[in-house]
């Protein structure tokens, strides 16, 4: 914001008078400002939590998006005293019917099962909360469009998580998701392609550079090795050498080459075990990168 009179940016927000004043020429730029903040003050987090009147934000990972009333199980009144046995029995019946009514339709039952499975897989893979929320939202879109019918809930959940990992550049392979979810890799891949086509999801190509920090960390390699491996992969990408090849195999070969160059040699078997590929794959990618990029490695 600039002063319309003198063009100065030295402005003062006077909240007592609800004005914005230019400190150079004294012009009142705006008056009767609306304060969108709360009318109360809080001096610590406990006070803020007690005084705010809004609830938690919408969470797509909850079947009811976190906007439903919950009846707690403490069986105590507002003063903290235990309620009578008759009231306890009444509360038990209320809780039971409240739970039944919240999952009355088939779609709600589906979401209850699917979102708990999504949370389990995401926790096992160590995915952040924003990826979980995006995965839950994509799954809801698939349910609304009727793409779940005739398919295993678990396979759709696994495919949705794989899709979001690709979109957010998180290095998680189909093999890892298959191992955690218990669904065959072939089934997850088939469901992934179907969802991608029906929901018009744009998924970028997997960048092998995303796997380098993870592989290097598990192999206890230094940061210099990581940087050298990234340089090798960037050169390979620019020359189009990774087209049609698995990103994990190329990344593993680059890490292996970088380790040898920087004097932190790891065996091909060690690298293969970490990357989840065979030694033959690493050997083939190693030869290709060495030949095409003109890398000289001492025997």
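Over the residues of region 208-293, compute the C-alpha Rg and express it relative to 2.2 N^0.38 Å. Write down the numbers at each step before the final one.
Details: Rg = 11.1 Å, N = 86, 2.2 N^0.38 = 12.0 Å.
Expressed relative to 2.2 N^0.38 Å, the Cα Rg reads 0.93.
Would you give the gap between the C-alpha center of region 28-72 and the C-alpha center of region 227-299, rounded to a whole Å?
51
Please state, rounded to one decimal and in Å, the Kirkwood hydrodynamic radius that the chain gives when every pair of distinct Cα atoms enters the mean of 1/r.
Numbers: mean 1/r = 0.0406 Å⁻¹.
Evaluated over the chain, this radius sits at 24.6 Å.
Counting other C-beta atoms within 10 Å, which of 203, 280, 212, 131 has the fewest, and how do the rest follow?
Values: 203 15, 280 11, 212 25, 131 18.
Taking fewest neighbouring Cβ atoms as first place, the list is 280, 203, 131, 212.
So what is the calculated 222 nm ellipticity per residue for the chain, using -39500 (n - 2.57) for each DSSP H run with n of 4 or more, over all residues, to the nearest 500 deg cm²/dmol? Present the calculation step by step, with values, prior to reporting the outcome.
Details: 12 runs with 159 residues, N = 299.
The helix contribution divided over the chain gives -17000 deg cm²/dmol.
Is region 1-119 best put as rounded, prolate or oblate by its Cα gyration tensor, with a ≥ b ≥ c the root eigenvalues, rounded for a/c under 1.5, and otherwise prolate when a/b is larger than b/c, oblate when not?
Numbers: a/c = 4.78, a/b = 2.27, b/c = 2.10.
It is prolate, given that a/c is not under 1.5 and a/b is the larger ratio.
Sort 296, 290, 269 so the one with the fewest other Cβ atoms within 10 Å of its own Cβ comes first. Walk me through the intermediate numbers first.
Details: 296 6, 290 15, 269 11.
Fewest-to-most ranking of 296, 290, 269: 296, 269, 290.
Name the residue, out of 95, 120, 76, whose mean-square fluctuation peaks in a Gaussian network model built on the chain with Cα pairs under 10 Å.
Taking springs between Cα atoms under 10 Å, the residue moving most is 76.
Out of 178, 116, 84, any idea which swings most in a Gaussian network model of the chain, alpha carbons joined below 10 Å?
Of 178, 116, 84, the most mobile in the Gaussian network model is 84.
State whether region 77-149 is rounded, prolate or oblate according to the following rule on the C-alpha gyration tensor (a ≥ b ≥ c being the square roots of its eigenvalues): a/c under 1.5 gives rounded; otherwise a/b larger than b/c gives prolate, and the remaining case gives oblate.
Numbers: a/c = 3.81, a/b = 1.88, b/c = 2.02.
Cα axes put region 77-149 in the oblate bin.
So for the chain, averaging the separation of alpha carbon pairs under 8 Å that are six or more residues apart and normalising by length, what relative contact order in percent results? Can you show the working numbers first?
Details: 301 pairs, mean separation 26.4, N = 299.
Relative contact order for the chain comes out at 9 percent.
Select from 180, 21, 160 the residue whose mean-square fluctuation is largest in a Gaussian network model of the chain (Cα-Cα springs shorter than 10 Å).
It is 21.
Return 43, 215 ranked ascending by Cβ neighbour count within 10 Å, so the fewest neighbours appear first. Write down the numbers at each step before the final one.
On the way: 43 7, 215 26.
Ordered by Cβ neighbours within 10 Å, fewest first: 43, 215.
Taken together, the values in this text are just the output of simple stated rules run on the coordinates, not laboratory data. Just so you know, these numbers come straight off a predicted model, no measurement behind them. We place every Cβ from the backbone using ideal geometry, glycine too, and count neighbours over all the protein chains shown.
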